[in-house]
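Data first, discussion second: the structure below is written as structure tokens.
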Amino acid sequence: MIAVIILLVVVAVLVLWFFGAYNGLIKLRNLVQEAWAQIDVELKRRHDLIGNLVETVKGYAAHERGTLEAVTQARAAAMAPGQSPAQAARAEAALTQALVRLNAVSEAYPDLKANQNFSALQAELGATEDRIASARRYYNANVRELNTKVESIPTNFVAGIASVTKAEYFELESAVEREAPKVSFDPAPAQPQLPPAAATPPPIQDAPAPGAGATGPSPWPQQPPAPPSA
């Protein structure tokens, strides 16, 4: 009788553990999906802002066709539906590189940089990038916890029963690599000016000898003429 009771207690504990592990895995999977949905919202906002940014740049630098087309194509690739987190991360990295080149080109147009709409779009895009980074950290933290449960014993057996699999991380470029290069159009520094050379003093000339055909009065004193002889 005692053995039966012990067996029933063990079975009850195992059943409770199974349901707890099962529900925990389902909760983690839902958290991962919810976190990814938040990233997706911010990415769509980023794509819209970049589209408006391209249209604004066209008004001032329409002849920068190659750069504008590169951004447009990268944006279209990033907006393709049905991408996994890893695929989306690669597409967003390519879009970021194209956007870096666009920002570098805009530095050459002071009127564009002074445009209020352009400045507002850049500010909103920067805020969106910050929200994406925050959402990415939250998503990856949940992915790490889920993957640990899926790979660990004994919860990996429950994961197979619940059809819960590992999730992909969403990794973007580092902040240093995403930063737009600084382009300077300041004039080259002037070469230092050397002081003018001192004037060479005129050479000292010797005084002309008496009676040597001098045109002016002689510097030597003249002797009075001798009196005539008787």
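Quick note: the coordinates plus some simple rules give every number you see, no bench work behind them. It should be emphasised that the depicted structure is a prediction, and the values quoted were computed from it without experimental measurement. Ideal geometry is used to build each Cβ from the backbone, glycine not excepted, and the neighbour counts take in all protein chains shown.
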Computed on alpha carbon atoms, what radius of gyration and Dmax characterise the stretch 2-178, expressed in Å? 23.4, 88
Quick one: plug the Kirkwood hydrodynamic radius of the stretch 103-173 (C-alpha pairs) into Stokes-Einstein at 10 °C, 1.306 mPa s, and report D in µm²/s. 102
Proxy reagent accessibility, fewest Cβ within 10 Å first, across Met79, Met1: Met1, Met79
Listed with the fewest Cβ neighbours within 10 Å leading, Ile39, Ile2 appear as Ile2, Ile39
Set the Förster distance to 25 Å, then compute FRET efficiency between Glu55 and Arg90 from the Cβ-Cβ distance, nearest 0.05. 0.45
Can you tell me the length gained on complete extension of the stretch His47 to Leu7, counting 0.36 nm per residue apart and subtracting the Cα distance? 8.4 nm
In which sequence would Arg29, Arg101 go, from the one with the fewest C-beta neighbours within 10 Å to the one with the most? Arg101, Arg29
How large is the charge dipole for the stretch 2-178, taken about the Cα centre, if only the Cβ atoms of Lys, Arg (+1) and Asp, Glu (-1) carry charge, to the nearest 20 debye? 400
